[in-house]
Amino acid sequence: MSGLPYISPIYASIVVVGLPLLAFLLQAIRGKKSTSGLFALVSIALSTLISGLFVLPQVWQEAPVTATVHWFTIGDSVFTLGILLNNLSALMQFIVCIIALPVHIYSKAYMKGDPGIHRYWMYLSLFCFAMLGLTVSKNLFMMYVFWELVGIASYLLIGFWFTKEAAVAANKKAFIVNRIGDIGFLIGIAILFSLFSTLDLVDLFGNEGVFAAGLYKDTGLITLAGICFFLGAMAKSAQFPLHVWLPDAMEGPTSVSSLIHAATMVAAGVFLMASIFPLFNANVLLLMAIVGTITALSAAYFALCQYDIKKVLAFSTISQLGYMIAAVGIGVWDAAMFHLATHAFFKCLLFLCAGAVIHEMVHHKEHTKLDFDPQDLRHMGGLRQYMPKTFVLMSIASLALAGFPLTSGYLSKDAIIIAAFEWAAQHGPGYIVIPIILVIVSILTAFYIGRLIFKAFFGPIRIPQIDQQAPHIREAPQTMLVPMIFLGLGSLFFAFSLNPLSYHQAEILTGFSVRYAFEEIHSLHLVIPIVLTVGALCSWILAWKWYVKGKYPLQANSLWITRGGEQFGLDELYKKTFVNGTLALGRASQWCDKHVLDGLIVHGTAHVVKSLSRAIYWVDKHIVDGLVNTVADTTYYIGHLLRWVQNGRIQNYFGFAFTIILIGIVYLIFR
Amino acid sequence: MGLLSLLIFLPLAALLLIVLLPKTLQGTFKYIALGFTLFQFLLAGYMYSQFDGSATGINQLSGYRFVEQLSWIRLDLGGLGQLEIDYLIGADGISLPLLLLSSLVMLMAVGASWNMQRKAKGYFALLMLLNMAVMGIFSALDFFLFYIFYEVMLFPLYFLIGIWGGVNREYAAIKFFIYTLFGSVFMLLIIVGLYFSVTNPETGAHTFNMLYMMNPGNYIDGSFFAYGSSNAVWGIPARMLGFIVLFIAFAIKIPIVPLHTWLPDAHVEAPTPVSIILAGILLKIGGYGIIRVCMSIFPDASASANWWLGLIGVISILYGALNALAQKDFKRTIAYSSVSHMGFVLLGLASLTAEGVSGAMFQMISHGFLSASLFFLVGVIYDRVHDRYIYHFRGLANIMPKYTGYVAIAFFASLGLPGFSAFIGEAFVIIGTFNAESVGTGIPRWMAIAGSLGILLSAVYFLWTLQRMFFGKTRLKGSEEWFKALKDLTVREQVILFPALALALLLGTMPFLVFDKLNASVLNLVTLITEQL
């Protein structure tokens, strides 16, 4: 890039992060008037350009560039704001830009005419800001801030159609499940802070950091920290058993699903794991490998049982994220990042193609005024004739997902599976289960995506129609097709490696140059690709027979399929245990508040005091006052008795006087 | 007269003006109140900007700024010596942010009282009296003066709830009054005990000066509250007893579980502006009292009792949150969320780490204007339809988009979304509490983890409320009539809400605006107590 002027990558990346923020603010201020999405589009286009021209080329394969400014001091501890640009962060930033840009362009056509469009662009810019900020954060505290901000952007976009009950239930669920992970992240931060008094990624995990200096990692607290951060990643990257929010998140607009819930945000967990990789000791890594593998397998199975086109893709995303986490777990975080990059392109494309199909299905539904679910695969079929370009693009993306040669997915998936075998060979016989499951998942993946393509694009037209009229389905408009074509090119091998058959020349892997803890086994590099490719081909032949030729041998209503579609009741289980449990606890504490604290203690005390005062009043009235009154009454009575003496009649007075005199005389006489 | 005295007694001038003006001019009362509180706010802001963060406060008068000391009462008591009560006020990093917060919340409360027609004279007069009392509480450094302000505060609140409140106002007012009085009466005993235990080193007379009470050297040997004295009441050492009694007095204000049941009733029955003051300022007096009085005067007791304080904090966080989840009245939900959020304050203080105590202070400030905004938002809907039962509303976002926007922002700010102030407070309470075990202050790590569950639960109850009342298809209990009545926010309402939420964003992104002022004081406090460990 010699022709370009040199701009410090730090400033360039500040601009990359800042532009979407600016767009967000401008759109927030303009409010309802801001329907064109111009700010969002321009900002992300510029961000992509700057990231691609001034950040990635200048950082890639160079020494990490950092910048730190003081943020605030609390007590004696200093917290900073910083930007860290190394291979990992610059690459991630660029991936986010390069995926976000086509999705923005696509949205222009896809979301046209929506009454809430001004909010859509605003939220999208907010998401881009948060996600780009997350990628280049230099310390964990900052990362946590952006980590939650992407969560809120995701919340807002899932619930974009807020009058839909399912959408607002889904966004609440997404946010709360992610909060569980956030708490893990926060506790992880607290552990590292209390151990090392710093949260700086370079100071902790850099080449001269605490962990590079050979810290003893097998302590309980460091294991706990590892598990806590992994919990954060599990929620964000939808790992079993915290994956339940992602299928529901498909209630958001499809363009949002493709950007946030397939390509970028959900991969943030993997990115976090790669960023803090030195933290993890062997126990945590094994846990990751196991959780990732379980996720990959279970989600692939659930994907087989779905009829909703977006749900198939959602479970597929979960399954692929499981691959990435498993890759981190076996220590090849570079392969995980490679898969993250390739997956971003082809999964984004899959969603955009699905969006194009749904768009036309909805169009048909509105035109014919029939009532059917436009996302249901059972209503599709034969769309190949109407949407040939979409069909081709979706097929390319599907091949990449299945890991077929000449696609990008082939390279990255092989990198993970081969490494997994090598890792297992190093560790012992029991460990071989993990790579074998990953192979099975790969074949299942080929099968479910083949099923999707065959059901949607081949076979007879199953769309509900009136009087056999031609369905109102056309090819997607140019504005949607162009970004899809771009992503389609990105799903092919040459976007990542000039050698279509071996991942060793892949730029991303050579760039990270991670030293593996296990021996390379050369024979695997030949055997595994052949096994995977043959497995995929076989599964497609089977799928072709079942879904196109109509020789479906299974009972569609069998328990394995219907229950699998409901994830074997996992959601209900959560509802019954955690949701209802929490609500019951809430009611119990309310009851306690009302009847024990307020009822028994406060009102009880009041009652006792009142009764006591009544008793004292009684004593006062009847005993104390009674005594007083008795004295008074006695005095009164005596007075009453004597009263008639003073009656004012002179005769009486004379009578008294004579009587007294008489008594006196009698006394004197008898003395 | 110094700036701080001016700040305290400005409302008194407003009060006099309001009382003296004839009833025919009652339209002007709100303007008088607004003018004075606005000036007070600007003055507090100016003082805040002039305050240098190096002032260490707490136990050294030299660490305070805006100090004013006048001898107030001198009485020769013969054998008991000289009675010495000073008018001693000052501000440090702990009190000044709370003074600024109080003036802001008062301003919001006056704004929320704009349509108050009934007995406007009495209403605004009492509001100004309350204003003076809280400013005095946050400034007083003499315990006697502190107590006077503390009791004066009760009087206007009782009448504000009891006269201008809702249906059940008498019950709520008396419950509030008796609860608080219960605490403060016993506080008086401790004040007297302290008075007889402490002497002014300069004059040798007994003193009410709180700063002298914080210095172990000023205690008379063998006196009731002397350090290391063997005095005990029912087997509780005297100093621990003093701490407990004072703690209960302030804990009622915070409030802690199980001494919180006055709060939901008082909040629900109080008129909106009084709810705003209750949540925004009154609860902070509890937290402030614990810092200024309990922890500073009894550092030895707080060092040994902090495990219990932490436990009470955790219980308050979780119990308050669970209760908030179970409420069906919008205002009660918010009231219980206050209990939960103030639990973080206690937990952070108990951690005795600089991060935890700073986090607690930050949480108090943040909760001050956030809960004020939340109660104001409840008031908006209650003003319009006189109902706030959660299930009577649905899909408000369709008819009141601006209101929904403000509610959503206030909710997310309160549930600790990064970028808003509550996040900084809660995160540092958790981090500080977690760190406590490493520092050795006796707070176990599980308390931090249990406390963090409160952050999760706050997301649950806020989002659930959002979902139930604001999203979905619009359906209202009062159908057509309510549709007409539920107008979106007026300009006045937005003028009140916007600054509070903007402040939440400002402090969330630039927390140094607060931390720079309080760091030195917090460190001094932490040293004062950890020395006693």
Residues in the range A:53-63: is at least one surrounded by fewer than 19 Cβ atoms within 10 Å (Cβ to Cβ), among the small types (G, A, S) and within 14 Å of chain B (Cβ to nearest Cβ)?
-> no
Which ones in the range A:183-198 are buried (at least 22 other Cβ atoms within 10 Å of the Cβ) and modelled with pLDDT under 90?
-> A:S194
Failed item, numbered, when B:Y219 is tested on (1) surrounded by fewer than 24 Cβ atoms within 10 Å (Cβ to Cβ); (2) touching a residue at least 40 places away in the same chain (Cβ under 8 Å) | (2)
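Just to be sure, is A:S558 among the small types (G, A, S), out of contact with any His (no Cβ under 9 Å at 6 or more places or on another chain) and surrounded by 13 or more Cβ atoms within 10 Å (Cβ to Cβ)? Write out each step before concluding.
Details: among the small types (G, A, S): yes; out of contact with any His (no Cβ under 9 Å at 6 or more places or on another chain): yes; surrounded by 13 or more Cβ atoms within 10 Å (Cβ to Cβ): no.
Taking the combined requirement at face value, the residue does not satisfy it.
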State yes or no: is A:V312 crowded, with 22+ Cβ neighbours inside 10 Å, in a helix (DSSP H, G or I) and within 21 Å of the chain's Cα centre (by Cα)?
-> yes
Would you tally the residues in the range A:183-217 being more than 14 Å from chain B (Cβ to nearest Cβ), in contact (Cβ under 8 Å) with a residue 12 or more places away in the chain and either part of a helix (DSSP H, G or I) or touching a His at 6+ places or on another chain (Cβ under 7 Å) (or both)?
-> 4
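Give the residue that is farthest from A:G409 (Cα to Cα), with candidates limited to residues of the range A:340-389 that are charged (D, E, K, R) and buried (at least 21 other Cβ atoms within 10 Å of the Cβ). Give the steps one after another, and end with the answer.
Filtering the range A:340-389 down to residues charged (D, E, K, R) leaves A:347, A:360, A:365-366, A:369, A:371, A:373, A:376, A:378, A:384, A:389.
Then keep just the ones that are buried (at least 21 other Cβ atoms within 10 Å of the Cβ); that gives A:347, A:360.
Values: A:K347: 10, A:E360: 28 Å.
That would be A:E360.
Taking B:L311, is it within 12 Å of chain A (Cβ to nearest Cβ) and more than 29 Å from B:M135 (Cβ to Cβ)? Outline the logic, then answer.
Working: within 12 Å of chain A (Cβ to nearest Cβ): no; more than 29 Å from B:M135 (Cβ to Cβ): yes.
Taking the combined requirement at face value, the residue does not satisfy it.
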Failed item, numbered, when B:M361 is tested on (1) among the aliphatic types (A, V, I, L, M); (2) surrounded by fewer than 24 Cβ atoms within 10 Å (Cβ to Cβ); (3) within 12 Å of chain A (Cβ to nearest Cβ) = (2)
Check the range B:332-355 and report whether any residue there is in a loop (DSSP other than H, G, I, E, B), within 13 Å of B:F428 (Cα to Cα), modelled with pLDDT of 90 or more and more than 10 Å from every other protein chain (Cβ to nearest Cβ).
-> yes
Residue that is farthest from the other protein chains (Cβ to nearest Cβ) [pool: residues in the range B:243-263 that are out of contact with any Ser or Thr (no Cβ under 9 Å at 6 or more places or on another chain) and crowded, with 24+ Cβ neighbours inside 10 Å] = B:L246
Note on the range A:74-121: residues within 14 Å of chain B (Cβ to nearest Cβ) and buried (at least 24 other Cβ atoms within 10 Å of the Cβ) are A:I74
B:L503 passes all but one of (1) within 20 Å of B:L415 (Cβ to Cβ); (2) touching a residue at least 24 places away in the same chain (Cβ under 8 Å); (3) surrounded by fewer than 23 Cβ atoms within 10 Å (Cβ to Cβ); (4) within 13 Å of chain A (Cβ to nearest Cβ); which number fails?
-> (4)
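Residue-by-condition table, conditions (1) without any contact (Cβ under 8 Å) to a residue 40 or more places away in the chain; (2) polar (S, T, N, Q); (3) in contact with a Lys or Arg (Cβ under 8 Å, 6 or more places away or on another chain); (4) assigned by TED's automatic domain parsing to the domain that holds A:H363:
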| position | (1), (2), (3), (4) |
| --- | --- |
| A:P388 | no, no, no, yes |
| A:P405 | no, no, no, yes |
| A:Y431 | yes, no, no, yes |
| A:P435 | yes, no, no, yes |
| A:V439 | no, no, no, yes |
| A:T445 | no, yes, no, yes |
| A:A470 | yes, no, no, yes |
| A:R474 | no, no, no, yes |
| A:M480 | no, no, no, yes |
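B:A450: within 30 Å of B:P299 (Cβ to Cβ), more than 9 Å from chain A (Cβ to nearest Cβ) and in contact (Cβ under 8 Å) with a residue 12 or more places away in the chain, yes or no? Spell out the reasoning first.
Numbers: within 30 Å of B:P299 (Cβ to Cβ): yes; more than 9 Å from chain A (Cβ to nearest Cβ): yes; in contact (Cβ under 8 Å) with a residue 12 or more places away in the chain: yes.
Yes, satisfied.
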Pick from B:A459, B:A422, B:A427: which is within 8 Å of chain A (Cβ to nearest Cβ), within 21 Å of the chain's Cα centre (by Cα), assigned to a helix (DSSP H, G or I) and modelled with pLDDT of 90 or more?
-> B:A427
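So which residues in the range B:462-500 are within 14 Å of chain A (Cβ to nearest Cβ), assigned to a loop (DSSP other than H, G, I, E, B) and surrounded by 13 or more Cβ atoms within 10 Å (Cβ to Cβ), if there are any at all?
Initial filter on the range B:462-500 (within 14 Å of chain A (Cβ to nearest Cβ)): B:462-475, B:488-489, B:494, B:498.
Okay, now just the ones that are also assigned to a loop (DSSP other than H, G, I, E, B), so B:471-475, B:488-489.
B:F471, B:G472, B:T474, B:D488, B:L489 - these are the residues of the range B:462-500 that are within 14 Å of chain A (Cβ to nearest Cβ), assigned to a loop (DSSP other than H, G, I, E, B) and surrounded by 13 or more Cβ atoms within 10 Å (Cβ to Cβ).
Taking the range A:27-45 only, how many residues are assigned to a helix (DSSP H, G or I) and either surrounded by fewer than 17 Cβ atoms within 10 Å (Cβ to Cβ) or among the basic types (K, R) (or both)? Before the answer, list the steps.
Looking only at the range A:27-45, we keep the residues that are assigned to a helix (DSSP H, G or I), and these are A:27-33, A:38-45.
If we keep only those that are either surrounded by fewer than 17 Cβ atoms within 10 Å (Cβ to Cβ) or among the basic types (K, R) (or both) too, we end up with A:28-33, A:38, A:42, A:45.
Qualifying residue count for the region: 9.
Rundown of residues vs (1) in contact with a Cys (Cβ under 9 Å, 6 or more places away or on another chain); (2) farther than 18 Å from A:G381 by Cβ; (3) part of a loop (DSSP other than H, G, I, E, B); (4) not β-branched (V, I, T), yes/no style:
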residue	(1), (2), (3), (4)
A:F391	yes, no, no, yes
A:G409	no, yes, no, yes
A:I417	no, yes, no, no
A:V441	no, yes, no, no
A:G459	no, no, yes, yes
A:R462	no, no, yes, yes
A:A470	no, no, yes, yes
A:V482	no, yes, no, no
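For the range A:160-182, how many residues meet the condition of being under 13 Å from the mean Cα position of the chain (by Cα), of a type outside the set (K, R), at the interface with another protein chain (Cβ under 7 Å from one of its Cβ atoms) and buried (at least 23 other Cβ atoms within 10 Å of the Cβ)?
Restricting attention to the range A:160-182, the residues satisfying the condition of being under 13 Å from the mean Cα position of the chain (by Cα) are A:170-182.
Filter once more, keeping what is of a type outside the set (K, R): A:170-171, A:174-178, A:180-182.
After this cut, where a residue has to be at the interface with another protein chain (Cβ under 7 Å from one of its Cβ atoms) as well, the list is A:175-176, A:180.
Checking which are buried (at least 23 other Cβ atoms within 10 Å of the Cβ) leaves us with A:175.
Total satisfying the criteria: 1.
Is it the case that A:V145 is within 14 Å of chain B (Cβ to nearest Cβ) and either surrounded by fewer than 22 Cβ atoms within 10 Å (Cβ to Cβ) or assigned to a helix (DSSP H, G or I) (or both)?
Values: within 14 Å of chain B (Cβ to nearest Cβ): yes; either surrounded by fewer than 22 Cβ atoms within 10 Å (Cβ to Cβ) or assigned to a helix (DSSP H, G or I) (or both): yes.
Answer is yes for this residue.
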Only residues that are under 18 Å from A:L585 (Cα atoms) and aromatic (F, W, Y): list them for the range B:449-483, please.
-> B:Y461, B:F462, B:W464
Looking only at residues in the range A:219-267 that are out of contact with any Phe, Trp or Tyr (no Cβ under 8 Å at 6 or more places or on another chain) and assigned to a loop (DSSP other than H, G, I, E, B), which one is farthest from A:I176 (Cα to Cα)?
-> A:T219
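The values are calculated or read from the model by the stated rules, or taken from the named source; none is laboratory data. Since the model is a prediction, treat every value here as computed from it, not as a measurement. With ideal geometry, Cβ positions are generated from the backbone for all residues, glycine too; neighbour counts draw on all protein chains shown.
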